[in-house]
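Only one structure is covered here, and it is reproduced in the block below.
The values are calculated or read from the model by the stated rules, or taken from the named source; none is laboratory data. This is a predicted model, so every value here is computed, not measured. Here the Cβ positions follow ideal geometry from the backbone for every residue, glycine too, while neighbour counts run over all protein chains shown. Keep in mind that these areas ignore ligands, DNA and RNA; they rest on the heavy atoms of the full protein, side chains included. Shrake-Rupley method; radii C 1.70, N 1.55, O 1.52, S 1.80 Å.
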Amino acid sequence: EMYAAVMDSIAGQALFVASAAVADYRPADVADGKIKKSAQSMTLELVRNPDILADVAALPEAPFCVGFAAETQDVTGHAEEKRTRKNLDMIAANHVGGETGGFDAADNALTVLWKDGSTELPMMDKQRLAHRLVELICNQFEIEQNNA
């Protein structure tokens, strides 16, 4: 449903910030009712969901695309690989699972990467961090528009 909603409304948009995502995988088969306990173990087959961000970035007249990466190790390396693979204009990456920042904390930090640069946004409260990220997105978007 999210994929259809995005693809139905993306034409003519100048900027796309993929701040929400569906799960990467879903069950291959959905049971019609409760699965009764019968065996000692069970195996579920998962299939990939469509990659909304990559598909938007691959459009012939793609908007300026910003993605996010939550990483547990080699934050910069994995984020740059994802930015390049998905052909994103910008990616904001953060370290999750560590002692500071991430999902269960009031503060966070980001590594923000784009084609010809990067910056570190240090640990700060998430609302302030969001404002700083929006400023960076706007600056890079403006630079991209001026170079087009």
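Count Lys and Arg as plus one, Asp and Glu as minus one, and take only other residues whose Cβ is under 15 Å from that of Glu80; the net charge is then -1. For segment 3-51, with equal point scatterers placed on the C-alpha atoms only and solvent neglected, what are the log10 I(q)/I(0) values from the Debye formula at q = 0.17, 0.23 1/Å, to two decimals? Relative scattering, expressed as log10 I(q)/I(0), comes to -0.72, -0.98.
Suppose we look only past 28 Å in the calculated P(r) of the chain. What percent of the Cα-Cα pairs does that tail hold? Please list the in-between numbers first.
Working: 3383 of 10878 pairs.
Result: 31 percent of Cα pairs exceed 28 Å.
Estimated at the nearest 10 Å², the accessible area of Phe141 is 50 Å² with a 1.4 Å probe. A 1.4 Å probe run over the protein chains yields, for segment 41-148, 62 Å² of accessible area per residue, whole-number rounding. Within the chain, the longest run free of GluC sites (Glu not before Pro) that sit in a DSSP loop with at most 12 other Cβ atoms within 10 Å is 100-148. Each residue of segment 117-126 was assigned a 3J(HN,Hα) from its phi angle through the Karplus curve 6.51 cos²θ - 1.76 cosθ + 1.60 (θ = phi - 60°); the sequence is x, 6, 8, 9, 9, x, 4, 7, 5, 4 Hz, with glycine and proline shown as x.
Beta bridges per DSSP, both residues in the chain: antiparallel share near 60 percent.
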